[in-house]
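Scroll down for the structure; my scribbles are underneath it.
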Amino acid sequence: MSSPPYECTPLEEIDRIHAELHATFLSASLSSLSSSAPSTNGTFNTPPFPLLSIPYRTHQVLQIARLCQENADAICDALFQDLGKPREEVLLAEVGAVIERALITAQKVEEWVTGGDAEKVEMSAGWQKNWKAKVERRAKGVGLVISPWNYPLILTFQPLLGAVAAGCPAAIKLSEVVPQFSSLMAKLVEKYLDPRAYRVVLGGVKEITRVLQLKWDQIFYTGNGRVARIISAAAARHLTPMTLELGGKSPVIVHPETCGDLETAARRIIWGKINNAGQICIAPDYVLIPTTSIPSFVSAVSKALKTFFPKGALHPESSYARIVSQTHFKRIKGLLEGTKGKVVLGGQTGPGSVTSTPDRGIEPTVVVFPETMSLEEIGKDVLMEEELFAPVLPVIGVKSLEEGLEFVRRRDHPLVIYAFTEDKSLQEKILNSTMSGNFVFNDTFQQLASNDIPFGGVGESGHGRQVLKYTFDEFTYLRSVVDIPQSDEPGFVGRYPPSTAQSVAFAEGCLKIAIPSGGGRKAAL
């Protein structure tokens with residue numbers, strides 16, 4: 001039996017990692033959240049602070065920034081080998097984003113832990129006025145981060161930053177689909193982060209199966225719905241809470257009369273599609289546009305692609321990623337061969353190769369469905385069955401905005417809906433008649449650049465939120481603390497047995513409270 005083409009963590013080592021991480025969490029002083037004077041016995045990756053204290057967390061977060069900054073060339077090289085991903089794309093979307101958010105996290109971690117929800121509470125009921133109450137943020141425990149192959153750096157460290165800031169030790173299961181990157185990260189995490197608290201697991205199905213047999217306190221998974229169901233079932237056995245960042249078919253609604261310049265809209269749409277050759281959960285999946293505007297839209301997309309890739313997208317000098325594996329390459333070719341739509345732009349592919357990433361190229365491709373197909377028939381086409389995760393953009397003609405919205409509503413809730421219209425009333429109409437994890441007007445992809453708004457799905461596109469403080473919240477829980485003084489004992493006499501006429505009368509007081517008439521049964525009828 002041949003060995004897999006990627007490194008694997010031995011199963012017994014996975015068990016040891018799990019046990020050691022839990023031992024770290026249990027041994028850490030959870031009450032040691034204030035600043036502590038450093039000792040003299042710290043090392044590069046093991047800081048001289050109390051384990052999991054705020055200074056310790058800050059140090060580890062900054063170590064993540066150093067890991068990315070000091071090894072940027074190696075990271076870019078690994079992702080080029082695995083994905084053919086251009087250096088600029090890696091630096092902007094992954095390395096730079098991790099460094100920026102690590103620095104913000106380091107600045108904010110103490111505020112997140114000790115401020116906001118973690119504050120004293122004034123009790124509203126008069127008979128509770130002597131109670132001392134507060135709500136505090138506490139780490140859930142040991143986390144498990146399961147990261148994907150498409151944007152493996154940012155989608156590994158973005159969840160991990162939240163875990164570190166929260167005070168959660170964590171295991172990181174890296175994807176076997178990007179073996180060069182995962183092997184590099186295993187070495188770098190061990191070098192830069194404290195191995196008592198943060199460990200990497202490598203491998204495929206056998207290794208992740210073992211990982212999921214173990215009990216974790218929070219699982220953060222980024223990937224697809226099929227695997228999410230398997231992970232969710234495993235987590236349910238231990239009642240482990242989860243964050244699921246999935247995907248789905250994110251539509252683009254184009255209203256030509258109010259979108260401004262159609263060429264600008266088309267350029268923004270196709271740019272969002274070609275990032276990482278369409279292999280990202282927020283890529284525009286399909287376009288809904290009035291049938292009469294399809295020729296103008298296709299022409300505008302063609303113009304943009306010629307500007308992006310003067311020598312063609314598959315030319316060696318073009319900054320354009322390749323398909324991650326031969327399996328995915330064949331899957332996408334099969335989609336193009338099986339669709340009833342017509343390829344009107346692109347469609348050319350490389351020869352395909354298991355070992356040569358450059359050969360697994362597929363041009364940005366636009367597919368238009370014939371007017372003779374009904375929307376019901378289009379909805380059943382092979383291109384519309386599931387998230388494409390490919391540089392293929394189906395264009396669907398509709399008679400009206402309402403018809404397009406109805407098409408979106410009949411499908412699972414997407415991770416994001418894109419709509420191109422500058423008309424505020426239409427924006428409100430589209431917002432109020434659809435459901436999605438996120439919504440972006442007049443651009444694509446750029447919502448990921450924001451450090452201030454939450455990102456996540458709903459329904460089939462996932463649950464839970466990130467980035468920064470939102471990720472921190474995923475790895476923490478709110479614990480209420482109440483101190484009830486014995487001086488209040490005289491007021492509690494009626495709660496103790498035996499019941500008396502007086503205590504029963506007090507309990508029956510709720511039956512005499514006047515209930516306002518507004519919004520009641522009459523209004524509902």
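The values are calculated or read from the model by the stated rules, or taken from the named source; none is laboratory data. What you see is a predicted model; the values in this text were computed from it and never measured. Note: ideal-geometry Cβ built from the backbone for every residue, glycine included; neighbour counts use all protein chains shown. The area values use the complete protein model at the heavy-atom level, side chains included, leaving out ligands, DNA and RNA. Shrake-Rupley method; radii C 1.70, N 1.55, O 1.52, S 1.80 Å.
Side notes on the structure shown:
- The residue that is surrounded by the fewest Cβ atoms within 10 Å (Cβ to Cβ), counting only those in region 158-188 that are aliphatic (A, V, I, L, M) and in a loop (DSSP other than H, G, I, E, B), is V177.
- Those helices (runs of 4 or more DSSP H) lying entirely in region 401-495 with at least 3 residues within 30 Å of M384 (Cα to Cα): 401-409, 424-432
- Of all residues making up region 321-366, the number that are closer than 22 Å to N150 by Cα and in a helix (DSSP H, G or I): 14
- Restricting region 365-392 to residues that are open to solvent by 10 Å² or more (accessible area, probe 1.4 Å) and among the aliphatic types (A, V, I, L, M), the residue that is nearest to L335 (Cα to Cα) is V382.
- Among the residues making up region 461-493, those that are farther than 22 Å from E245 by Cβ and among the acidic types (D, E) are D483, D488, E489.
- Of all the numbered requirements in (1) under 29 Å from A228 (Cα atoms); (2) free of Cβ contacts under 8 Å to residues at least 40 places away in the same chain; (3) open to solvent by 40 Å² or more (accessible area, probe 1.4 Å), L448 misses one, and that requirement is (2).
- Scanning region 337-349 for residues that are under 26 Å from V177 (Cα atoms) and either at pLDDT 95 or above or surrounded by fewer than 18 Cβ atoms within 10 Å (Cβ to Cβ) (or both) gives E337, G338, G347, Q348.
- Just so you know, in region 9-55 the residues that are in contact with a Ser or Thr (Cβ under 8 Å, 6 or more places away or on another chain) and among the β-branched types (V, I, T) include one that is modelled with the lowest pLDDT, and it is I54.
- Subset of region 261-271 [surrounded by fewer than 23 Cβ atoms within 10 Å (Cβ to Cβ) and over 12 Å from F441 (Cα atoms)]: D261, L262, E263, T264, R267, W271
- Residues within region 407-431 that are open to solvent by 20 Å² or more (accessible area, probe 1.4 Å) and in contact (Cβ under 8 Å) with a residue 24 or more places away in the chain, tallied: 9
- Where strands (runs of 3 or more DSSP E) fall entirely within region 66-157, those with at least 2 residues that are open to solvent by less than 10 Å² (accessible area, probe 1.4 Å) and in contact (Cβ under 8 Å) with a residue 24 or more places away in the chain are at 143-146.
- Any hit, region 214-221, residues being farther than 19 Å from V90 by Cα, surrounded by fewer than 23 Cβ atoms within 10 Å (Cβ to Cβ), in contact with a Cys (Cβ under 9 Å, 6 or more places away or on another chain) and at pLDDT 95 or above: yes
- Of all residues in region 462-483, those that are under 19 Å from G223 (Cβ atoms) have Cβ atoms under 6 Å from Cβ atoms of residues that are of a type in the set (D, E) and modelled with pLDDT of 95 or more, 6 or more apart or on another chain, in G462/E245; G464/E474.
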